[in-house]
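Dropping a structure here in structure tokens format, bear with me for questions.
The values are calculated or read from the model by the stated rules, or taken from the named source; none is laboratory data. These figures come from a predicted structure and were not determined experimentally. Every residue, glycine among them, receives a Cβ derived from its backbone with ideal geometry; neighbour counts consider all protein chains shown.
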Amino acid sequence: MAAPAPLRSLFGRSRRSPGSSRDGFDYLAAGDVYLDSACQTLRPRPVIDALTSYYTGYGACGDRARYAWGRRVDSEVAAVRDRVLSALRASPRRYACAFTLNTTYGLNLLLQQLPRGRYARIVTTHTEHNAVFLSTITAARRLGTPRIVVDRGLDGSVLVREGDLVDAVVVVSAMDNVTGTVTARLAELVTDVQRRGGIVIIDAAQAAPHALSRLRGVGADAICFSAHKMYGPSLGVVVATRELLASLDLAFVGGGQVSAVEDDGFSLLEDVRTRLEPGLQAWGEIIAFGAALDWFLPRAGRIGEEEARLGRRLFEGLAALPNLRLVNAVASPVIAATPDRVDAHRLAVFLSQAGVMVRSGHFCAHHWLQDRLGLGPLVRFSIGAHNTEADVDRALEVTGRLMKGL
């Protein structure tokens, strides 16, 4: 397909009407339609301001300094840890909050340091993001245990035999990043696994911003998610039981984790969250994530309702277009589609030239989409708190003209 020339002049650029910009996103350029929140959400002003304030006002190390700036960092970071636990309704007596680079990093820090000889098998599903799928492959190899990969039901439930849960490490997402399907009966799965001596680690990268209520009180042994998918800076978050963190056979060790070091050994700090935090942390990003939580949590219900409404509008509009096959069976804030007669990457470029930004590729779900379903590259439209009805209409208008022109 040859690119219509030029797309910007063909479609024009929509303007946000006064008052249509969402709270906190007044900096968005008129006409830019960003639909890749499943990868990374935009940041509202309070988050940007909090990060700037740290860098320009008190940019010191945490966990090390006794001077005023350092004490302020410690106080604010501790408050963010408490805010995370509160958001998930996780008891601080049972759980600790640690920060990492991203969700993938957090999952690997847990899986690659599990004690040998403790678990009988690792269980995951065919629909997982590479963060889970790949890390469970290497963890099973390291532990010398079998790895069982199971299917999911239409409702996202994990179709696993009870016998496979005995002494198992079950690693699954709470919401997939291709169609936005939320895992049904997740709390029941956690209970079943733990009753049989196993543990459950949840990839909550998509669920944290879109289905937070499904994570609250779920009782998993660890929940990993990304601040940058939840209106915060680039940062990973791990909420894990103190028992699990204390059991890790550490292979990745450094400053910030030890209380003493001898010629050929060391003593770890008592605070188990440090098991996942070697070296200096992203103090400014952690503090800014606190601002993101303060901004997001009071709005979460309203944002969820609006995302659902816009998702239905987008789903219905895309489903009506020619030469475009939806992967989704139902509407969601995350919608993936396979275009006919044009490469998905090329389609994404054409959309971008008209100011509509969508993701193209396999969205780090190569096994599911490419290996299992035999699909080539797809396009993905994902909605965030900054999006408006005008954004959805614009995306449908531009996509419709392109697809009808094939």
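Which one of these does G355 not meet: (1) out of contact with any Asp or Glu (no Cβ under 6 Å at 6 or more places or on another chain); (2) buried (at least 21 other Cβ atoms within 10 Å of the Cβ)?
(1)
Follow-up question, since we're still on this one. Looking at region 150-179 only, could you name the residues that are under 18 Å from the mean Cα position of the chain (by Cα) and among the polar types (S, T, N, Q)?
S173, N177, T179
Let's see how each residue does on (1) under 25 Å from T56 (Cβ atoms); (2) over 22 Å from the mean Cα position of the chain (by Cα):
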{"residue": "G232", "(1), (2)": "yes, no"}
{"residue": "L235", "(1), (2)": "yes, no"}
{"residue": "T241", "(1), (2)": "no, no"}
{"residue": "V258", "(1), (2)": "no, yes"}
{"residue": "E262", "(1), (2)": "no, yes"}
{"residue": "I287", "(1), (2)": "yes, no"}
{"residue": "G290", "(1), (2)": "yes, no"}
{"residue": "R299", "(1), (2)": "no, no"}
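Can you find even one residue in region 365-384 that is within 15 Å of L314 (Cα to Cα) and without any contact (Cβ under 8 Å) to a residue 60 or more places away in the chain?
Yes: region 365-384 contains one or more residues that are within 15 Å of L314 (Cα to Cα) and without any contact (Cβ under 8 Å) to a residue 60 or more places away in the chain.
Here's the yes/no breakdown for (1) out of contact with any Pro (no Cβ under 9 Å at 6 or more places or on another chain); (2) assigned by TED's automatic domain parsing to the domain that holds H126; (3) not hydroxyl-bearing (S, T, Y):
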{"position": "R161", "(1), (2), (3)": "yes, yes, yes"}
{"position": "D167", "(1), (2), (3)": "yes, yes, yes"}
{"position": "V178", "(1), (2), (3)": "yes, yes, yes"}
{"position": "S213", "(1), (2), (3)": "yes, yes, no"}
{"position": "G217", "(1), (2), (3)": "yes, yes, yes"}
{"position": "C224", "(1), (2), (3)": "yes, yes, yes"}
{"position": "A227", "(1), (2), (3)": "no, yes, yes"}
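Being touching a Leu at 6+ places or on another chain (Cβ under 7 Å) and assigned to a helix (DSSP H, G or I) is the filter here, so list the residues in region 107-147 that pass it.
L109, A131, V132, S135, T136, A139, L143, listed by residue number.
Any idea which of L268, L297 is touching a strand residue (DSSP E or B) at 6+ places or on another chain (Cβ under 8 Å), more than 15 Å from A78 (Cβ to Cβ) and not hydroxyl-bearing (S, T, Y)?
Only one candidate qualifies: L268.
Residue by residue, here is whether (1) touching a Phe, Trp or Tyr at 6+ places or on another chain (Cβ under 8 Å); (2) polar (S, T, N, Q); (3) surrounded by 23 or more Cβ atoms within 10 Å (Cβ to Cβ); (4) part of a strand (DSSP E or B) holds:
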position: G217; (1), (2), (3), (4): no, no, no, no
position: C224; (1), (2), (3), (4): no, no, yes, yes
position: S234; (1), (2), (3), (4): no, yes, no, no
position: V237; (1), (2), (3), (4): yes, no, yes, yes
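Can you go through R83, R66 and tell me which one is assigned by TED's automatic domain parsing to the domain that holds N177 and part of a helix (DSSP H, G or I)?
None of the other options fit; the residue is R83.
For the condition aliphatic (A, V, I, L, M), at pLDDT 95 or above and in contact with a Lys or Arg (Cβ under 9 Å, 6 or more places away or on another chain), what is the one hit in A60, A68, A50?
A60
For region 341-384, enumerate the residues that are in a loop (DSSP other than H, G, I, E, B), touching a Leu at 6+ places or on another chain (Cβ under 8 Å) and at pLDDT 95 or above.
V342, A354, H362, F363, L375, I383, G384
Checking the structure you have, find out if any residue of region 110-120 is more than 24 Å from the chain's Cα centre (by Cα), farther than 17 Å from V190 by Cβ and among the hydrophobic types (A, V, I, L, M, F, W, C).
yes
Additional query: Can you tell me how many residues in region 80-124 are under 24 Å from S213 (Cα atoms), polar (S, T, N, Q) and in contact (Cβ under 8 Å) with a residue 12 or more places away in the chain?
So the count comes out to 5.
Now, a different point. Determine whether L85 is closer than 20 Å to L244 by Cα, of a type outside the set (G, A, S) and at pLDDT 95 or above.
Answer is yes for this residue.
Which of the residues belonging to region 148-167 are small (G, A, S), exposed (fewer than 14 other Cβ atoms within 10 Å of the Cβ) and assigned to a loop (DSSP other than H, G, I, E, B)?
Residue satisfying the conditions is G153 alone.
Looking at region 130-158 only, could you name the residues that are closer than 12 Å to L114 by Cβ and charged (D, E, K, R)?
Selection gives R142 alone.
Please find, within region 275-301, the residue that is farthest from A207 (Cα to Cα) out of those that are of a type in the set (A, V, I, L, M, F, W, C) and not in a helix (DSSP H, G or I).
Within region 275-301, the match that is farthest from A207 (Cα to Cα) is L280.
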